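The values are calculated or read from the model by the stated rules, or taken from the named source; none is laboratory data. Everything numeric in this text was worked out from a predicted model, so none of it was measured. Here the Cβ positions follow ideal geometry from the backbone for every residue, glycine too, while neighbour counts run over all protein chains shown. Areas reflect the complete protein model, heavy atoms only, side chains present, ligands, DNA and RNA absent. Shrake-Rupley method; radii C 1.70, N 1.55, O 1.52, S 1.80 Å.
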Amino acid sequence: MSPLRPESVVISVGRPAPVAHAPLSVPIMLTAPYRHAPDDNHYSRQLPTETVTAFEDALATLEGGHAIAFSSGMGGASAIIEAQHSGTIAVVPNAGYSGTLMQFAKQQELGRMTLRSVEIGDTGAVLAALRGADLLWLETMTNPMLDVPELDVLIPAAHEAGVDVCVDSTFTTPLGVRPLALGADVVLHSVTKYLGGHSDLLMGVLVTRSAELAECLRERRALTGAIPGSLEAYLALRGVRTLALRWERAQANAGDLAERLAAHPGVRAVHYPGRPSDPFHERATRLFTGYGAMICFEVAGDAPAAERVCDAVRLITHATSLGGVESLIERRARHEVDADFGTPETLLRFSVGIEHVEDLWSDLEQALAQL
Ligand SMILES: *Cc1c(COP(=O)(O)O)cnc(C)c1O
């Protein structure tokens with residue numbers, strides 16, 4: 001049989017061996033210790049349950065590497081960031097996911113790391129910062145401005161300069177791009193978002209190209225106790241089953257709504273790489289299979305006006321986070337870190353869900369009427 005397409009992989013991976021009377025789905029195994037054999041010491045902080053490894057097998061197949069699941073996306077990020085030797089020089093986005101940026105900033109504050117903050121959509125700026133660096137941190141689409149870094153140029157250049165590359169691919173999912181195939185050393189997903197897909201769990205995952213790095217990360221996970229619970233792993237794997245369908249519908253909704261928002265008199269600017277006029281359209285077309293389901297738009301008026309839009313939505317929910325079946329919206333500059341790195345004060349980050357597109361548009365239209 002030829003290799004399965006991703007739509008079939010999400011259905012078939014992470015299942016018990018296909019033998020008679022085996023269950024179709026992996027059981028939710030709830031235990032902390034395992035009974036001793038003569039010379040072992042198994043405890044589920046070190047030895048993940050079969051529910052967790054089933055999820056890891058799924059992600060390993062989807063990304064093409066070795067997967068290590070974590071209790072949250074930030075748990076995965078810190079396994080990489082805090083494992084850097086002291087004196088590490090890291091090239092990081094000057095605007096990106098706030099949790100990651102805060103964690104890097106903390107390392108610098110503690111005197112363990114030097115940061116070179118760059119606009120990662122600007123290839124020349126990133127290339128210039130690589131010399132003598134140790135780690136390059138990229139987001140496939142930056143939070144919240146949706147800038148797209150030139151992965152296929154930056155990753156080989158980083159390796160040439162002896163710099164390791166970690167790519168946070170949360171906004172693109174394993175179906176949008178496979179950073180390991182582009183040469184990245186590690187890919188990170190906040191499973192909390194599209195992979196889980198139902199806004200009901202916190203989990204993260206790292207997938208590495210090298211088995212050796214995966215082993216180091218497993219050790220760090222055991223030491224720091226950042227392993228997910230089996231209930232979360234079960235829910236996340238159940239979410240993965242419908243990823244392809246959810247992703248297709250959410251992206252289609254986003255493509256449609258981005259155009260309608262751009263034509264609305266209450267909207268000053270739309271950031272969405274799927275629009276041909278977007279500065280990152282050509283890059284996203286080259287690198288990704290689609291344009292994602294996040295739209296950021298700036299409304300006409302001031303911050304209170306933008307907050308009124310968030311208060312007025314009915315079908316869409318005013319909440320942080322993203323990637324679930326439910327559409328969510330928030331004004332990102334309400335978070336101090338985001339405001340500090342210059343997020344426009346009327347910018348709304350809109351995570352497009354899988355509701356009917358006409359209902360989403362009616363909701364946006366009535367909310368924008370509050371401006
Ligand atoms: C949410 C998010 C994270 C952190 O994940 P948690 O599961 O919330 O810890 C990291 N990166 C990006 C891009 C995210 O959106």
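Think of each Lys and Arg Cβ as +1 and each Asp and Glu Cβ as -1; about the Cα centre, that makes the dipole of region 149-302 roughly 500 debye.
Given region 125-267, what whole percent of its Cα pairs are spread farther than 24 Å?
Here the long-distance tail beyond 24 Å is 42 percent of all Cα pairs in region 125-267.
Using the Karplus relation 6.51 cos²θ - 1.76 cosθ + 1.60 with θ = phi - 60°, the per-residue 3J(HN,Hα) values for region 354-362 come to 10, 5, 5, 4, 5, 5, 5, 5, 4 Hz, with x marking Gly and Pro. Coupling constants for region 75-92 follow from the phi torsions by the Karplus curve (6.51 cos²θ - 1.76 cosθ + 1.60, θ = phi - 60°), and in residue order they are x, x, 4, 6, 4, 7, 5, 7, 8, 6, 5, 5, x, 4, 9, 10, 9, 10 Hz; glycine and proline get x. Each peptide in 194-206, 31-43 gets a packing score, the mean of other Cβ atoms within 10 Å over its residues, and the list from highest to lowest is 194-206, 31-43.
Suppose a student asked you for the relative contact order of region 29-155, using Cα pairs under 8 Å spaced at least 6 residues apart; what percent would you report?
Values: 148 pairs, mean separation 24.1, N = 127.
19 percent.
Close amide H pairs (under 5 Å, H built 1.01 Å from N) link residue 165 with 136, 185, 186, residues at least 5 positions away or on another chain.
A cut-off of 5 Å between modelled amide H atoms, ignoring neighbours fewer than 5 places along the same chain, links residue 94 with 118, 119, 120. In terms of Cα atoms, the Rg and Dmax of region 47-200 work out to 15.0, 45 Å.
Taking the 1.4 Å solvent-accessible surface of region 283-368 as the whole, the part contributed by carbon and sulfur is 49%. Normalised per residue, the accessible area of the chain is 43 Å², obtained with a 1.4 Å probe and no contribution from ligands, DNA or RNA. For the chain, the alpha-carbon radius of gyration amounts to 1.00 times the rule-of-thumb value 2.2 N^0.38 Å expected for a compact globular protein. Close amide H partners of residue 88, meaning residues 5 or more places away or on another chain with modelled amide H under 5 Å apart, are 114. Solvent exposure of residue 119, expressed as accessible area, is near 100 Å², computed with a probe of 1.4 Å over the protein chains only.
Here the Karplus relation 6.51 cos²θ - 1.76 cosθ + 1.60, evaluated at θ = phi - 60°, turns the backbone of region 130-137 into coupling constants of 6, 4, x, 7, 10, 9, 10, 10 Hz, with x for every Gly and Pro. Springs join every pair of Cα atoms under 10 Å in this Gaussian network model of the chain, and among 244, 181, 58 the largest mean-square fluctuation is at 181.
About its Cα centre, what dipole magnitude does region 1-129 give when the only charges are +1 on Lys and Arg Cβ and -1 on Asp and Glu Cβ, stated in debye to the nearest 20?
Working: 7 positive and 11 negative charges, 27 e Å.
Dipole of region 1-129, to the nearest 20 debye: 120 debye.
Between 16, 144, 344, the Gaussian network model of the chain with springs among Cα atoms under 10 angstrom shows the greatest mean-square fluctuation at 16. GNM on the chain, alpha-carbon springs under 10 angstrom: the most fluctuating residue among 67, 233, 319 is 319.
Rg(Cα) of region 197-317 divided by 2.2 N^0.38 Å? All intermediate terms of the calculation are to be shown ahead of the outcome.
Values: Rg = 19.3 Å, N = 121, 2.2 N^0.38 = 13.6 Å.
That works out to 1.42 for region 197-317.
Could you tell me which residue out of 80, 51, 133 lies farthest along the dipole of region 26-145 toward its positive end? Charges go on the beta carbon: Lys and Arg +1, Asp and Glu -1, centred on the Cα centre. Checking the options against the dipole of region 26-145, the answer is 133.
With +1 on each Lys and Arg Cβ and -1 on each Asp and Glu Cβ, and nothing else charged, work out how big the dipole of the chain is about its Cα centre, in Debye to the nearest 20.
On the way: 29 positive and 45 negative charges, 108 e Å.
So the magnitude is around 520 debye.
With all protein chains in place and a 1.4 Å probe, the accessible surface of region 87-206 carries 50 percent carbon and sulfur.
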